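J.: The structure that follows is given in the form of structure tokens.
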Amino acid sequence: MEKDFEKNGINENYGCLFGVGVGPGDPELLTLAAVHAIENADIIAFPGKTKEDSTAYSIPAKVIPGYTEKPAVPIELPMTKNQDELRTIHEKAAAQLEKYLRDEKDVAFLTLGDPSFYSTYAYIDEKVRADGFETEIIPGITSFSAIAAKLQVPIVLGSETVKIQTGLDRNLDTDTENLIILKAGRNAGKIRDQLKTAGFKAAMVCNAGMKDEKIYATIDDIPEMEGYFSLMLAKKQRVEG
């Protein structure tokens, strides 16, 4: 009788789950590794209710022939801060994916940006691995890397420091030369004012790489509120002397 489970408890007779970073929005920023994983997958999974409403699902369609002909599985991941509800959501998502893995199907789960960076996929990956399935993460280009390139602004230079945080219901930690603030839209005005007080200059980009992209090139351009996919890059102004 063959052993189903080898080292690390992984069942080699099952399919593999690939967490695929599809980048910040521009399909030309898909990596070759992401393209190959998507092309080779039997199933495409994506966060959302429908293909039409999923930004992550829409990105590869523009550069991978035959992509939309693959079976597509929406994974609903409603937002909540309740930890018990989150645990249930992640367990349900893992169970959905494991059904296909048991059928020896390789699944590509698409996620905006990078799967290891503020991504719900990380929780799902952990659960699926704990259940004895093989997983692999394909890194993606992060939104802040794309935005820094678009603005032609270096994120850090020399021995400078950088801090990364979200702009959701929190005060900024301004003890650094550079700040990356993700999900800044809801509190854009509050964050803008904190940055000005702390001596920073900043820019904000919303929906980077998408058709409705907006760029606020200076700190004074930043409005009181913007959409969810809003990111600020902030640099402490140097004192000449």
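The values are calculated or read from the model by the stated rules, or taken from the named source; none is laboratory data. Worth saying up front: this structure is predicted, and the values here are computed from it rather than measured. For neighbour counting, all protein chains shown are included, and Cβ atoms are generated from backbone atoms with ideal geometry for every residue, glycine included. The accessibility values were calculated without ligands, DNA or RNA, using every heavy atom of the protein model including side chains. Shrake-Rupley method; radii C 1.70, N 1.55, O 1.52, S 1.80 Å.
J.: Which one is nearest to F133 (Cα to Cα) among residues in the range 37-95 that are among the acidic types (D, E) and in contact (Cβ under 8 Å) with a residue 24 or more places away in the chain?
T.: E91
J.: Check P115, P74, P139 and return the single one that is at pLDDT 95 or above, buried (at least 16 other Cβ atoms within 10 Å of the Cβ) and in contact with a Lys or Arg (Cβ under 8 Å, 6 or more places away or on another chain).
T.: Details: P115 fails: in contact with a Lys or Arg (Cβ under 8 Å, 6 or more places away or on another chain); P139 fails: in contact with a Lys or Arg (Cβ under 8 Å, 6 or more places away or on another chain).
Among P115, P74, P139, only P74 is at pLDDT 95 or above, buried (at least 16 other Cβ atoms within 10 Å of the Cβ) and in contact with a Lys or Arg (Cβ under 8 Å, 6 or more places away or on another chain).
J.: (1) open to solvent by 40 Å² or more (accessible area, probe 1.4 Å); (2) at pLDDT 95 or above: which one isn't true of I44, the others all being true?
T.: In the conditions (1) open to solvent by 40 Å² or more (accessible area, probe 1.4 Å); (2) at pLDDT 95 or above, I44 misses (1) alone.
Residues checked against (1) touching a Gly at 6+ places or on another chain (Cβ under 9 Å); (2) assigned to a helix (DSSP H, G or I):
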| position | (1), (2) |
| --- | --- |
| H36 | no, yes |
| T80 | no, no |
| T88 | no, yes |
| E91 | no, yes |
| A94 | no, yes |
| Y100 | yes, yes |
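J.: In addition: Identify the residue in the range 112-152 that is in a helix (DSSP H, G or I) and among the β-branched types (V, I, T) and, among all such residues, is farthest from G209 (Cα to Cα).
T.: V128
J.: Okay, next question. So how many residues does the range 202-239 have that are over 19 Å from L172 (Cα atoms), open to solvent by less than 60 Å² (accessible area, probe 1.4 Å) and outside any loop (DSSP other than H, G, I, E, B)?
T.: 2
J.: Mind checking whether some residue in the range 47-55 is open to solvent by less than 10 Å² (accessible area, probe 1.4 Å), modelled with pLDDT under 95 and assigned to a strand (DSSP E or B)? Quick ask: steps written out before the conclusion?
T.: So the first thing to find is which residues in the range 47-55 are open to solvent by less than 10 Å² (accessible area, probe 1.4 Å), and the list is 54.
Still in the list and also modelled with pLDDT under 95: 54.
Checking the rest, the ones that are also assigned to a strand (DSSP E or B) come to none.
Within the range 47-55 (the criterion being open to solvent by less than 10 Å² (accessible area, probe 1.4 Å), modelled with pLDDT under 95 and assigned to a strand (DSSP E or B)), the answer is no, since none of the residues qualifies.
J.: Shifting gears a bit: Does the range 178-200 contain any residue that is over 20 Å from G21 (Cα atoms), touching a Cys at 6+ places or on another chain (Cβ under 8 Å) and open to solvent by less than 20 Å² (accessible area, probe 1.4 Å)?
T.: Yes, the range 178-200 contains at least one residue that is over 20 Å from G21 (Cα atoms), touching a Cys at 6+ places or on another chain (Cβ under 8 Å) and open to solvent by less than 20 Å² (accessible area, probe 1.4 Å).
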